[in-house]
Amino acid sequence: MEGRGARLAAALLGVGGYVFLPLAALKLLCLVSALGLLLSLAGPRHRWLTVGWLAVSAYAGAFVLNPVACVAALHPGSLAPRTAALLWQAGLVLLGCGWVWLALSGTAAPRADARWPGTAFVLLWAFALVSVQASALPVDVSYGGDEHYHMDTASAFATLIYFLAIRAPSAVLIGLWLLASAAWFLAKNPTAPSRRRWLVGWACAGLVVLGAAAWLAYPIEQLVHPGFAERALRYPATQPWWSALLGVLSYEYWGRGDHLSFGVLRLLPVLGLWWVGLWLASDGRWRSAPLAARLLAVLALTTLPTLLYHGTMLYLELPLVALLLVVLRDARYWLWAPVPRLQGRLTWWAGLGVGLMKETGWVALGCLWLARVLTQGWSFWRRRGRRRPGEGLAAVGRELALALAMLGPGALYLLLRGQLGFRPYALHLGNVLLPGLWEQAGRALIAQFGWLWVLAIAGLVCLFQARRYGVLVATGTVFLGIGALHFLEDPKWVGLGRFNLLLLPVVWVWAWELLTRLRRRRPRLSLALVIGLLLGNWAGRPIDLLGRRADWGGSGERWYDWSACLAEIRDRQPTASVLVGNTSPPYALNLVADRLGWRPAHSLMIGSPPGVPPAEAVAATLRYAAGQGIDFVIYRSEQELELLGNFAEAGFGLIAQYPARIGALWLFGRIEGPSSSTGTGAP
C-alpha cells in the first residue's frame, strides 16, 4: 500500500511539473513519468471507465467537438445555420452512441495483455527518450513540409477549447459530467456487474453532453474562417484535440489566445514513441532480461534515422504507428480469437483508435479486417462437420459487428469528406511500370530505416521457422496494403519519409522477433546487434546535436534560425516592415513571430524568379524591397552564396548571416534606417 501511495504521489507531482515547469523537455519528462506511474496503479476496477473515456474522447474528437456540424451548416442550404448545425450535431451524436454501443456493450472486463515492465524501466526510459529528443523540441518550425499546417490546426483547436471554457452553459455541462465521472471512477467497486451495464449509458451521456456543449459554445459565424472550416474534415481531428489539450493544460497559456509553443506542440509524437518503447518492453519473453538490455533494445528501435528526423515533428503518423504496433504484436488474437474474447483486450481498443488518428489508419484496419475474414473463414470451413446449428449465422453477426465498430467511423468520415468537397485520393496505377520509382522507393526505405532491415529480414525468417503464420499474415497484409497505397500516390511522394513511418510497426515486429529469440539463446549476440544498430542509427542521423534538420526523406523540410533573425530585427526596430525572399507564401512565419511576442508592422513573402542566378536574385529582391519601402529583408538560400561587395545601390547593407544545414538566412537592413554593420555570424 505504501508503494502505491508513493507512486501516486510521484505521479501527481509529475502532473504538477508538466503544468507549471517552463521548458518542453522538462514537461515531457514529467508527463511520461506521471503517465507511466499512473498506468502501474490502474487496477481492474478502473479499467472500465478508462476505456469508456477513451472511446468517448476518440469519437468526440473526430466528429462532435470537431466543428463538423458547424462547418456543414455553413454550406448553402434552406435552413438557418444554427438550426442546420443542431440537426447535424444530433445526427453525429446518435451515430456516435451506436458506435459506442458496438464498441463497449459486448466487451468483457478489460485485461492486461502484457507484463508491466517495472517502475524503474518506465522512469529510465522516460529519461532516455527525453535526452535523445530534447534538442529538437524547441527548434523553429521547419520550412517545407506540413508541420506548420498541423501546428496551426492544433492552435485553432486550442481556440475551440477556449470557446468551450468561457461559455457558461457548455462549461457547466462538461464540468458536471466530469465530476460525475470522477465520482464513479473513485467508487469502491465500479466494475461490479450492477455498474458495468451502465457503462454504455455513461459513455452515450458523455457524447450527448459534449455535443450540446459544442453546439452552444461555438460561434458558427466565425467558423467560416479557413483555420476551422478547411481543417474540420481535412483529417480525423482526434490528434489535434490531444495536442491542443496538452497545450492548454500548461500554465503559461492560461487566459491567453496565443499560438502554443513549438515544444508543447511536439509532445504528442514523442508520446507515441514513448508508448512504443513501453509496449515493446512489456513483452513477457523479456521479463528475465537485465534492465539495461531492455532499455538498449528499445532505444535502438526508436532512434532510427527516420525517427530522429520525424520524432519531434507534429505530424499525424507516430500516434497511429504506436497503436498499430499494439494490434500487430497481438496478431494471433486479432486473427483467430472469437469476437467475445477479442473484446476487452488492449488490441481491441488500439484497433478502434487506429482509424481515428489519420485516414490511412483505416487502410491498415481494412487490411487487418480482410486478413481476419480470410483466416476465420478458413477455420470455419475446416470445422464444417462439427458445427452446431445456427453457429454460422451467429459468427457472421459477430464479425459484422466487429467490422462496423472498426470501420464504421472511417466510412462516416470518408462520406462526410466527400460530401463537403475535401481532397480526394487519386490512384496512379502506371507507377507500377516505372523502374525508377521502384528504385526510388527502395533507396528511401534503406536510408530511413537503416540497418534495421537486416534484423527485420532475419526476424521474418525466424517467424517462418516458428510457424507463426498469424503474425506473418497480419504483418504481411498491412505491409503490402500500406506500401501499395503510398506507391500508387503521385510519383513525387513515393518514398516520402513520413508516409513510410506507417511501415514501421511491421518492421519492428519482425526485428523484435529476432532480438527476442537471440536474447534467449545467444544474449551476447543480441546485445551486439543492438549496439550495432544504435551506432548505425547515429551514423545515419539526418539531424545534428542542436536539433537542426537537413533536407531529408523526400518531404523537403529544412531548418532555419528564424527566431534569431526576427529577434535581431525586433531589437533594432520594433516597428519595422519585413520582406522575406525566396520563401513560399504559405509558410507560417507568424508562428515564429508569436513565439517572440512580436509581429512586424508589415510583412511580405515573395519567391525568386526561376532561372536567375542566386546572387542576381538577391539583388533583384533588394531592389523590389526598396521600391516598396521595406526596412529589412530576409533572404533564404538553399546553397552557398558569394555575395560580393555591398548593396548600396538598392539602399541595403548586410547585417548578418544565419547558417543552416542547407543554405542560410541572410539579413539585410536599409542603410538610412538601421545600422548596416555586420552582426553575429556575418561573413
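The values are calculated or read from the model by the stated rules, or taken from the named source; none is laboratory data. Please read these numbers as outputs of a predicted model, since none were measured by experiment. Here the Cβ positions follow ideal geometry from the backbone for every residue, glycine too, while neighbour counts run over all protein chains shown. Heads up: the accessible areas ignore ligands, DNA and RNA and are worked out on the full protein's heavy atoms, side chains in. Shrake-Rupley method; radii C 1.70, N 1.55, O 1.52, S 1.80 Å.
Calculate, for the range 206-301, the solvent-accessible area per residue in square angstrom, rolling a 1.4 angstrom probe over the heavy atoms of the protein chains. Intermediate values should be presented prior to the final figure.
Numbers: 3130 Å² over 96 residues.
Spelled out: the 1.4 Å probe surface of the range 206-301, per residue, equals 33 Å².
Look at the dipole of the chain built from charges on Cβ: of A212, C367, A331, the Cα furthest out on the positive end belongs to A331. Summarising the label geometry, the points placed 7 Å from Cα in the beta-carbon direction at L249 and L178 lie 1.1 nm from one another. Between S379 and L12, residue separation times 0.36 nm minus the direct Cα-Cα distance comes to 127.3 nm. Carbon and sulfur together cover what percent of the accessible area of the chain at a 1.4 Å probe radius? Here carbon and sulfur together make up 66 percent of the probe-accessible area. Unpaired Cys in the chain, meaning no second Cys C-beta under 4.7 Å: C30, C70, C367, C462, C565.
Return the tail of the calculated pair distribution for the range 240-375, meaning the percent of Cα-Cα pairs more than 20 Å apart. Of the Cα pairs, 56 percent sit more than 20 Å apart. Between W512, I634, G311, the Cα set farthest toward the positive side of the dipole of the chain (charges on each charged residue's Cβ, about the Cα centre) is that of W512.
Sorted by packing (mean other beta-carbon atoms within 10 Å per residue), highest first, where do 396-408, 337-349, 505-517 land?
Working: 396-408: 16.9, 337-349: 19.5, 505-517: 23.5.
In decreasing order of mean packing, 396-408, 337-349, 505-517 become 505-517, 337-349, 396-408.
On the beta carbon distance between L370 and W116, with R0 = 35 Å, the FRET formula returns roughly 0.55.
Judged by the mean number of other Cβ atoms found within 10 Å, the most tightly packed of the peptides 329-335, 592-598 leads the ranking 329-335, 592-598.
At a Förster distance of 41 Å, what's the computed FRET efficiency of L415 paired with A466, Cβ-Cβ distance as r, to 0.05? Efficiency, rounded to the nearest 0.05: 0.45. Each listed q (0.21 Å⁻¹) maps to a log10 I(q)/I(0) for the range 205-294 from the Debye sum over equal C-alpha point scatterers, namely -1.20.
Only the Cβ atoms of Lys and Arg (+1) and of Asp and Glu (-1) were treated as charged; on that basis the dipole of the range 273-342 about its Cα centre amounts to roughly 300 debye.
Placing unit charges on C-beta atoms (Lys and Arg positive, Asp and Glu negative, everything else neutral), compute the dipole magnitude of the chain about its Cα centre in debye, rounded to 20. Let's see the in-between values first.
On the way: 58 positive and 34 negative charges, 856 e Å.
For this selection, approximately 4120 debye.
All Cα-Cα distances of the range 250-316, cut into 5 Å bins from zero to the largest, leave 3, 15, 20, 17, 13, 12, 9, 6, 3, 1, 0 percent in each bin in turn. If you line up the long axis of helix 291-301 against the longest principal axis of the chain, both from Cα atoms, how many degrees apart are they, to the nearest 10? Helix 291-301 sits roughly 60 degrees off the main axis of the chain. Between the residues G201, S584, W381, the greatest Cα displacement towards the positive end of the dipole of the chain, with unit charges on the Cβ of Lys, Arg, Asp and Glu, is found for W381.
What accessible area per residue, rounded to a whole number of Å², is obtained for the range 414-510 using a probe radius of 1.4 Å? It would help to have the intermediate numbers written out before the result.
Working: 4770 Å² over 97 residues.
Per-residue value: 49 Å².
Distance between the modelled labels on S288 and R520, one decimal in nanometres: 1.0 nm (7 Å Cα→Cβ projection).
Note on the range 444-538: along the principal axes its Cα atoms extend 46, 34, 13 Å, ordered by decreasing extent. Summed over the residues of the range 562-621 and divided among them, the accessible surface reaches 43 Å² per residue at a probe radius of 1.4 Å.
Which of the peptides 282-294, 142-154, 431-443 is most tightly packed, and how do the rest follow, judged by the mean count of other Cβ atoms within 10 Å per residue? Let's see the in-between values first.
Details: 282-294: 15.2, 142-154: 22.3, 431-443: 12.9.
Per-residue mean Cβ counts within 10 Å order the peptides as 142-154, 282-294, 431-443.
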